[in-house]
Amino acid sequence: MKKIIPLLFLLTSYFFSSLVTASPAINIGSMYDMLMPGESTLTKRIYNSGSSTAFVRVDILEITLGEKKNTETPIIQVKNNKVNKETLIVTPQRLIIPPSGFQYVRLIFPGKRDKERYYRVRFTPVLPKNNDGFNLTEKELKDYKSTQEIKAGVNVMTGYGSALFVLPENPHFDTQFIKDKQLITVKNNGNATVLLDKIKICLQEKDKKRCEEERRTFILPGKSYQLDKKTAEGEINYTLIEGKST
């Protein structure tokens, strides 16, 4: 009996861990996207690397920047049976992605580009219900809910949100660098976000150079960002991207 209990425990653990991993697992690619001047459409490819079909709801929130805190307001795309053309539009708003498959979504901004705007696009795997936009029949809903994969995996489905920068139609770039022995302060005096890409800080240690992992940061209009070389002998490498120019 003492030998059977551990074996039973191992088999039970394996069974339930297998069920938990059998669920949708989406990947949205880049977490940050930029809609450049002259562009009104951006396409994202959403993957499902999980072992069951992913039903994904897509929501849009407009980000309003504040001095102390940013706010996010849900966007209603259709008002009075008309598409709101003054804000971001996403199509489709419901995705059905098979295991190991993908589907495209289009982000469209047909409104005025007099200033820079910011949006969060959320991709949330959900358990489909009646009249929720997925257009499933009663039988399809019942079959989907009755599968062991969904029963076990619904609690571990993870959603993601990407940020979208909609640059103004006539961007003015004015990036200033203020340097001293250890710090480089990068100020964005323009009206459009700039990107500091491939930032790498390296330090010389005895006969070996040690470099941190590359990173990137976005600098919004009117904001600044500091690069710290750690020491006066430190070295910083980076690429400044202003719109489509580097």
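Here are the numbers for the structure shown:
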quantity: Test: residue in the stretch 182-199 that is modelled with pLDDT under 80 and surrounded by 15 or more Cβ atoms within 10 Å (Cβ to Cβ); calculated: no
quantity: Only listed residue being crowded, with 16+ Cβ neighbours inside 10 Å, within 21 Å of L136 (Cα to Cα) and in contact (Cβ under 8 Å) with a residue 24 or more places away in the chain, chosen from F123, F109; calculated: F123
quantity: Complete set of residues in the stretch 33-52 that are at pLDDT below 95, open to solvent by 40 Å² or more (accessible area, probe 1.4 Å) and hydroxyl-bearing (S, T, Y); calculated: S40, S49, S51
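The values are calculated or read from the model by the stated rules, or taken from the named source; none is laboratory data. Keep in mind that what you see is a predicted model, and the values were worked out from it rather than measured. A quick note on method: Cβ atoms are made from the backbone with ideal geometry, for glycine too, and the neighbour counts reach across all protein chains shown. Each accessible area value is taken on the protein alone, full model and side chains, heavy atoms only, with ligands, DNA and RNA left out. Shrake-Rupley method; radii C 1.70, N 1.55, O 1.52, S 1.80 Å.
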